[in-house]
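Working notes, beginning with the structure itself.
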């Protein structure tokens, strides 16, 4: 080739012919439409039907949105403005915006507080949810957040959440201290804690027994009430008999637990002591407050409402029920019959009862037992019930994750010489939780939507707000689509975000066992 | 172990409740607030306005009692209750007074152990139908689908009425009034039934009120009134006579306008006894002498409250009807203040 003189050749192409464009029906939008929408007679028919439906829905709904009235004082005024045209009355959202978001009793000059709490929630949740992106130090913020948010939303003195946080930190320090102790020192400590706890328990039981007997004598054994009378008497006597053995038994159990690294038991006992001292929190924080006053206007729980209430219940209950669910799932797999039994009974009982029943118990039945003046916080009661409910479900989801792990993982962890806590924390849970993510998110989304059930116990969450004060007000009587549509939109935004996050997390954790 | 502690705590609580349940009046005074159960929302009767302040005809009863007892009509903690929670809330002591359009019936009074302290609104159950249906009497509703609120006396009345007339119907259960209206206007049921006051209020807000007809039959008696727990007659007396004071004030011509003038003393001894310038009726109740004047001072007498919350000048547009004074042919009849 190289020695062929170029002049001998009649024509040499020096450049390629530019490619001609593909036929129009094989490119761009037309190709896409042909392949995806009209690829056969069946798909063509389906496409046409779908197109017809979409057009008729849009053309039907568009004027409703387009003609929407945004400024009016009542539904009658709306109708006057519309004058017979189809159109939404979005003015209700403007007029009752504050009520839909915060409830109708939250003080107006304090609206900034839940708003700040919400913004801080985004900041505080970020390091926990996106651990790889944000520095680990930001987790401190996450730890502080619950106490700060409580103070912002409920108001009152700052010292109360500070005290609670302080006692938790103190427990952590004690845990560290005990962990580093020599075995015999640990045993002595366990002995002291066991003794204190046993004495405290015996004292509580003694008081309880006295009151049971007192109630029995109040009821009196005549007619139908003879049954409760007998029950209370029996319970009282039983408790009297149990006072000393129970104290000794529990105290001894705590003492014994020091031998097999029973730090958990000691810490639990400490927590129990805190709970017993809980009634001191109010006066002590009050005393602190009188020295250095740090106070916001207090807002009682009954005044919470609107979407804020859903957000409070949703975030608190999800964050509480995941760890509780993990504990329950582990407990159900435990080899210790007592722990296993308690967990199984709890899970099966709670799963066997509808949430609405638990809410009714929280709202009305407890009021029978609690004295009228000291009824403890309504939202707290509801949070406890919803958390119990969802933690039972999450426990079963996580148990599924635990069961999916090959037995070899457990054995490998043991053969490395890891103890139970280490094996669970480092080997078992990371894998089991990864498997459980879709299930947990399922429960979380369901729980978030279930928060609207509180409207049946006359708490004004967003649905309660709509059903009660808005739809039944003289101004907005029987307005329907606009308000429910708005609520649906809010819930969709939150639930869709949760689901998107979970999918992102799954991709992050993908380790590909294949 | 934990269960026992829990049980002990419950027992302590129950014990404290038993001791504390001595006198509702003392409790309310010590608390400085009246816990009053109201509806979560009935137009004109109980509804929070755009500022979150409770307004309405039932709410006025709460405010009047608070004014009589505590001297401050705003010293009320309104506890919204649903049809399902109202009675437990009252029985458990969570509220002191329930003013939530509750029908006075035998079983509620006797079996549920409540004490109705009077009637603040005489209602009755009616039907609303679309004129297109061509029905002019409830007895022509054979085979109709009827929207009905569950958990209310209206449900039972409906069953009684149709059984008594030997005709059949198909119930469409709804939870709230708003849902009922929505179902009715969407055509899910031929007729909607609830208290006639509710029907009138709802119809006034239909897009075309003239297209709907409220049938002439009133199939039940629904005397709605405030109620308290059994066992504290002093407290029941206060609630009863506060309501009577509002009614008597209208009969005697005491209004919010001339109240101050009349309270100074008049030639009518009954007005003087009512407003406390003569006799010591307040003392007998355990209150001071101008208790009734304070109650009337909140929003005027019964007639004024009616006119401002649900009367014909309001969007609710209810006529006095049975709720007129007895001298005007109604049923309102307060026993004498003597």
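Read-outs throughout are calculated quantities, based only on the coordinates presented, and are distinct from any laboratory measurement. Keep in mind the model is a prediction, meaning the values are calculated, not measured. Cβ placement follows ideal geometry from the backbone for every residue including glycine, while neighbour counts extend to all protein chains displayed.
Computed from the mean reciprocal separation of all distinct C-alpha pairs, what Kirkwood hydrodynamic radius does segment A:1-59 have, in Å? Could you put the intermediate results ahead of the total?
Values: mean 1/r = 0.0617 Å⁻¹.
Computed over segment A:1-59, the radius equals 16.2 Å.
For segment B:125-220, the fraction of C-alpha pairs more than 21 angstrom apart is 19%. With the simple model of a label 7 Å out from the Cα in the direction of the Cβ, residue A:418 to residue A:248 spans 4.1 nm. Sorting A:17-24, B:38-45, A:335-342, A:354-361 by their mean Cβ neighbour count within 10 Å, with the most densely packed peptide first, gives B:38-45, A:354-361, A:335-342, A:17-24. Between the Cα long axis of helix B:153-164 and the first principal axis of chain B there is an angle of about 40°, rounded to the nearest 10. Directionally averaged projected area (segment A:114-155, Cα convex hull): 2.5 nm².
Taking every DSSP helix (H) stretch of at least 4 residues in chain A, weighting each as -39,500 (n - 2.57) and dividing the sum by the residue count yields a mean residue ellipticity at 222 nm of -23000 deg cm²/dmol. Once C-alpha pairs closer than 8 Å and six or more residues apart are averaged by separation and normalised to the residue number of chain A, the relative contact order reads 16 percent. Over the Cα atoms of segment A:420-488, each weighted equally, I'd like the Debye log10 I(q)/I(0) at q = 0.25 Å⁻¹, rounded to two decimals. Here log10 of I(q) over I(0) equals -1.04.
Is there a simple number for the mean count of other chain Cβ atoms within 10 Å of the Cβ of residues in A:205-215, and what is it?
On the way: counts 5, 1, 4, 9, 4, 4, 10, 7, 1, 5, 6.
Average neighbour count from other chains, rounded to a whole number: 5.
Computed from Cα atoms, the angle from the helix A:481-509 axis to the main principal axis of chain A rounds to 90 degrees.
How big is the equivalent ellipsoid of segment B:43-181 along its three axes, where each semi-axis is √(5λ) from the Cα gyration tensor, reported in whole Å from largest to smallest?
Working: eigenvalues 228, 66, 34 Å².
Taking √(5λ) for each Cα gyration eigenvalue gives 34, 18, 13 Å.
Hey, what's the Cα Rg ratio for chain B versus the globular rule of thumb, 2.2 N^0.38 Å? It would help to have the intermediate numbers written out before the result.
Working: Rg = 21.7 Å, N = 338, 2.2 N^0.38 = 20.1 Å.
Normalised Rg, Cα atoms only: 1.08.
In chain B, helices alone account for a calculated mean residue ellipticity at 222 nm of -11500 deg cm²/dmol, with every DSSP H run of four or more residues adding -39,500 (n - 2.57). The translational diffusion coefficient of the protein assembly as shown, from Stokes-Einstein at 25 °C and 0.890 mPa s with a Kirkwood hydrodynamic radius over alpha carbon pairs, comes to 76 µm²/s. For chain B, the longest principal axis of the alpha carbon atoms and the long axis of helix B:57-70 meet at an angle near 10°. Cβ crowding within 10 Å, taken as a proxy for footprinting-reagent exposure, orders B:133, A:163 from fewest neighbours to most as B:133, A:163. Reported to the nearest whole Å, the Cα centre-to-centre distance from segment B:53-80 to segment B:182-233 is 25. Annotation for residue A:57 and residue A:203: the two label points, set 7 Å from Cα along the Cα-Cβ direction, are 6.6 nm apart.
Could you tell me the relative contact order of segment A:114-155? Use alpha-carbon pairs under 8 Å, at least six residues apart, and round to a whole percent. If you can, show how the numbers build up before the last one.
Details: 26 pairs, mean separation 20.5, N = 42.
That works out to 49 percent.
Both numbers refer to the Cα atoms of segment A:307-462; Rg and Dmax are 17.8, 58 Å. Working from Cα pairs under 8 Å separated by at least six residues, relative contact order for chain B is 20 percent.
If the chain between residue A:503 and residue A:33 were fully stretched, how many nm would it gain, using 0.36 nm times the residue separation less the Cα-Cα distance? Walk me through the numbers before you get to the answer.
Numbers: separation 470, 0.36 × 470 = 169.20 nm, distance 2.97 nm.
Length gained, residue A:503 through residue A:33: 166.2 nm.
Averaged over the residues of B:308-317, the number of partner chain Cβ atoms lying within 10 Å of the residue Cβ comes to 1.
With both partners inside the protein assembly as shown, how many of the DSSP beta bridges are antiparallel, as a percent to the nearest 5?
On the way: 22 of 41 bridges.
Of all bridge pairs located within the protein assembly as shown, approximately 55 percent are antiparallel.
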